[in-house]
Amino acid sequence: MESMYFPFEYHERRAVYTTILSTLLVSSLFLLSSCGSQGNTGATGSTSSTSTKAEALQSIRMFDATTGWAMTRNAVLHTIDGGVHWKDVTPPAHSQNATMDALFLTSNSAWISMSQVDALTIIVFRTSDGGQTWQKSSIQAEISSRVQITAVDTQHGWILNHIRGGPQAEIIEIFRTSDGGENWERVSRVYPASTDGPPPGKLPFGGSKSGLSFVNASTGWVTGSVPVNNLAWVFVTHDGGAKWQQQALPPLPYTTTALLSFMSPTFFTANDGILPVNFTSASASGFGMYVTHDGGATWNSVPIAKEASSISTIDFIDMQHGWAIDRGGTNLYATIDGGMHWTKLTIASTTHSLPSFKFLDFVTTEIGWAIGATSSKTPVLLKTVDGGHTWTTIRYTIS
């Protein structure tokens with residue numbers, strides 16, 4: 001599963017999550033090759049790096065014990081041997097001057113969105129063969145500070161374009177595709193407003209928007225935060241993103257007055273999902289979670305134990321089993337009851353002194369990967385086969 005860092009985007013379909021308050025794990029990558037019109041611009045071939053230097057991984061998304069994807073500062077990678085060897089499958093015409101977000105749908109299918117500073121075009125690359133070939137589409141959009149991409153299958157996807165704003169208010173626009181990413185249409189846009197209340201069916205200007213997530217082609221959520229105590233900034237749509245309404249949530253247990261920062265929900269089935277939240281009060285800060293068993297129609301808060309207060313990164317593989325990293329990156333926790341209780345893991349390393357952890361990605365209750373760093377700050381890729389108790393360094397190559 002993809003880790004969830006707060007704030008970050010927490011991807012659907014396996015716990016992601018995503019990640020607790022900063023912004024996505026994505027860095028500058030690709031050069032927009034053109035400012036074409038909205039729609040498909042044809043297939044392109046892939047390019048590969050000839051370097052075998054093991055660049056530092058920034059995120060990883062495995063689908064089983066052998067196959068998955070990863071990203072470095074300037075490349076998209078694919079592996080079929082558990083991360084020992086990575087193939088550079090970055091789409092062509094990439095550059096340090098563009099920002100990117102990646103959505104890995106299956107072990108062989110991925111969508112990459114790219115936007116360049118001061119450009120009026122978002123480029124979307126799609127692959128269904130592990131990055132051997134890419135198809136490209138372009139979207140006429142407003143100047144973007146960053147983009148986020150999500151989908152529920154290989155046909156239905158959305159892009160959240162962050163135009164400008166800050167912690168109190170932000171302008172965004174949302175695009176949708178229903179033909180596998182060939183064509184995109186804008187279905188929603190936030191406009192500056194002098195009042196707190198948006199027009200009926202529209203997303204408000206107020207609030208910083210953290211992410212976008214859907215459970216099916218119709219129902220989805222935009223989440224975020226606003227500097228108002230106990231306000232749940234969670235909006236839901238039932239028509240694919242055209243109309244939105246704020247969703248009422250019960251209060252978190254054990255908290256009275258706090259600022260709430262919501263991350264995108266992640267669903268494991270059509271009905272079962274989790275909605276993470278970070279809260280900050282005058283006396284404490286911590287991690288909270290809501291769960292649904294009816295496709296997001298209702299959400300119930302989870303009474304989380306005190307040991308979860310230091311959590312900053314989480315990764316769930318289903319509604320019960322999850323792992324977490326504390327804010328210092330030195331302690332790992334695991335839950336088997338949906339986050340109500342967390343057990344601090346006794347960690348051992350087979351190849352070096354204990355690392356610090358930054359990113360988690362489990363595929364079973366036993367097998368998982370982590371991105372971390374040694375005591376000398378050297379980035380490392382780690383793997384566990386015993387649920388997170390013992391970690392072995394993977395000395396990987398990129399070609």
Karplus-derived 3J(HN,Hα), 6.51/-1.76/1.60, for each residue of the range 178-187, Hz, glycine and proline x:
10, 10, x, x, 5, 10, 10, 10, 7, 10
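About its Cα centre, how strong a charge dipole does the range 265-399 have in debye, to the nearest 20, once Lys and Arg get +1 and Asp and Glu get -1 at the Cβ?
Numbers: 7 positive and 10 negative charges, 125 e Å.
In total the dipole reaches around 600 debye.
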Got a sec to turn the phi values of the range 124-135 into Karplus ³J(HN,Hα) couplings, 6.51 cos²θ - 1.76 cosθ + 1.60 with θ = phi - 60°, whole Hz, x for Gly and Pro?
10, 9, 10, 9, 10, 10, x, x, 5, 9, 10, 9
Suppose R0 equals 25 Å. What FRET efficiency, 1/(1 + (r/R0)^6) with r the Cβ-Cβ distance, do residue 216 and residue 163 give to the nearest 0.05?
0.40
Let me know the charge dipole size of the range 121-258 about its Cα centre in debye, to the nearest 20, where only the beta-carbon of Lys, Arg (+1) and Asp, Glu (-1) is charged.
220 debye
Residues with amide H under 5 Å from that of residue 339, placed H, sequence gap 5 or more:
none
Over 29 Å (Cα to Cα) - which of 136/377; 344/383; 344/377; 87/136 fall in this group:
136/377
Each residue of the range 56-71 in turn: what ³J(HN,Hα) in whole Hz from Karplus with 6.51, -1.76, 1.60 and θ = phi - 60°, glycine and Pro shown as x?
5, 7, 10, 8, 9, 9, 9, 10, 7, 5, 10, 10, x, 10, 8, 10
Between the alpha-carbon centers of the range 71-92 and the range 316-372, tell me the distance in whole angstrom.
23 Å
Simple label model, 7 Å out from Cα along Cβ direction - residue 348 to residue 118, nm:
5.7 nm
Please list, ordered by chain and number, the residues whose modelled amide H lies under 5 Å from the amide H of residue 231; skip anything fewer than 5 residues away on the same chain.
260
In the range 132-182, what percent of the accessible surface is made up of carbon and sulfur (1.4 Å probe, ligands and nucleic acids excluded)?
45 percent
Taking the Cβ-Cβ separation of residue 280 and residue 97 as r and a Förster radius of 30 Å, what is the calculated FRET efficiency to the nearest 0.05?
0.30
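The values are calculated or read from the model by the stated rules, or taken from the named source; none is laboratory data. Given the structure is predicted, the values throughout are model-derived calculations rather than measurements. For neighbour counting, all protein chains shown are included, and Cβ atoms are generated from backbone atoms with ideal geometry for every residue, glycine included. These area figures cover heavy atoms from the full protein model, side chains too; ligands, DNA and RNA do not enter into them. Shrake-Rupley method; radii C 1.70, N 1.55, O 1.52, S 1.80 Å.
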